[in-house]
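Quick notes on the structure that follows.
Taken together, the values in this text are just the output of simple stated rules run on the coordinates, not laboratory data. Keep in mind the model is a prediction, meaning the values are calculated, not measured. Quick reminder, even Gly has a Cβ in these numbers, built from the backbone with ideal geometry, and neighbours come from all protein chains shown.
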Amino acid sequence: MAKTLAPEHLEIRELTIDDLAAVFHLGEQLFTSAYSPSMYRTWDEYEITTLFNSDSELCLVAELDGEIVGFALGTTIEKQNSAWKYGYLVWIGVRPGLQKCGAGHKLFGEVKKRMVEQGVRMIVIDTDADNEAGINFFKKQGFDNIQQHVYMTLNLSRPRHKRRSD
Ligand SMILES: CC(C)(COP(=O)(O)OP(=O)(O)OC[C@H]1O[C@@H](n2cnc3c(N)ncnc32)[C@H](O)[C@@H]1OP(=O)(O)O)[C@@H](O)C(=O)NCCC(=O)NCCS
C-alpha cells in the first residue's frame with residue numbers, strides 16, 4: 001500500500017497560465033529519453049498550451065507547499081454518429097520522490113470526476129508497453145482491456161538501404 005500525502009497539504013486545482021513553465025519542466029524530468037523514447041519525443045510546450053486552450057477544466061495540477069508536484073492533462077473526444085463521449089487522459093505525472101504517495105490517484109480522481117460531469121462514458125489512456133509503473137497505476141485506477149499498438153520510427157538522417165527495385 002502506498003504512503004499517502006496528507007490531503008490538507010496537497011491541493012488539486014486547475015492549471016493556470018503561471019503554471020505552464022513548472023509543468024513543462026516537471027514533464028522534462030519525467031519523460032526522459034531513457035524512461036520512454038516516445039513520451040520524450042512528444043512532450044513539448046505545445047502539448048500543454050494546446051490542451052490548456054482547448055480543455056482547461058481537464059488540465060490540473062497538484063500543488064504541495066506552493067510548488068507544482070504533479071499534473072494531469074486531458075481532453076474529450078466526440079465522434080460523429082456516436083452517442084459516446086470519450087475522455088482522453090493525455091498526460092499524467094508526479095514528481096520523482098513524491099510518487100507512490102497518492103498524488104497520482106488524487107489527480108486522476110479529479111480528472112475522472114470532471115470528465116463524468118462533462119458526459120464522458122469511457123476514458124482512454126495510452127502509454128509505452130514497457131511503462132510498467134504507469135500501467136500498474138492505471139490498472140489500480142480501474143483501467144483494463146489493454147490493447148497493444150505498434151509504434152515505429154523512420155530515421156531520416158540515416159542513409160537509406162537500397163531496395164531491390166531501386
Ligand atoms: C504514473 C504516476 C503518475 C503515478 O503517480 P503516483 O502519485 O506515483 O501514484 P499513486 O501514489 O497515486 O499510486 C496509485 C496506485 O498506483 C500504484 N503505483 C504507482 N506507481 C507505481 C509504480 N511505480 N509501480 C507499481 N505500482 C505503482 C500504487 O502502488 C498505488 O496503488 P495502491 O493504491 O494499491 O497503493 C507516476 O508514477 C509518474 O509520474 N510516472 C511517470 C510518468 C508516467 O509514466 N505517466 C503515465 C503516462 S503519461
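Report yes if Val116 is away from the ligand (no atom under 15 Å from the Cβ), hydrophobic (A, V, I, L, M, F, W, C) and in a loop (DSSP other than H, G, I, E, B), otherwise no. No, not satisfied.
Here is the figure for the range 22-68: residues that are in contact (Cβ under 8 Å) with a residue 24 or more places away in the chain and among the acidic types (Asp, Glu) total 6. When the range 101-134 is filtered for residues that are aliphatic (A, V, I, L, M), over 11 Å from Gly87 (Cα atoms) and within 12 Å of the chain's Cα centre (by Cα), only Leu107 remains. Counting only residues that are surrounded by 14 or more Cβ atoms within 10 Å (Cβ to Cβ) and either touching a His at 6+ places or on another chain (Cβ under 7 Å) or under 17 Å from Leu107 (Cβ atoms) (or both), the range 25-38 holds 4 of them. Filtering the range 86-123 to residues that are surrounded by 17 or more Cβ atoms within 10 Å (Cβ to Cβ), on the phi < 0 side of the Ramachandran plot and of a type in the set (Gly, Ala, Ser) leaves Gly87, Gly93, Ala103, Gly104. Here the range 120-142 is the region considered, the condition is being farther than 18 Å from Ser36 by Cβ and in a loop (DSSP other than H, G, I, E, B), and the residue that is nearest to the ligand (Cβ to nearest atom) is Gln141. Looking only at residues of the range 71-85 that are over 14 Å from Gly109 (Cα atoms) and under 15 Å from the mean Cα position of the chain (by Cα), we find that the one that is surrounded by the fewest Cβ atoms within 10 Å (Cβ to Cβ) is Thr75.
With respect to being within 11 Å of the ligand (Cβ to nearest atom) and among the hydroxyl-bearing types (Ser, Thr, Tyr), Thr153 falls outside the description.
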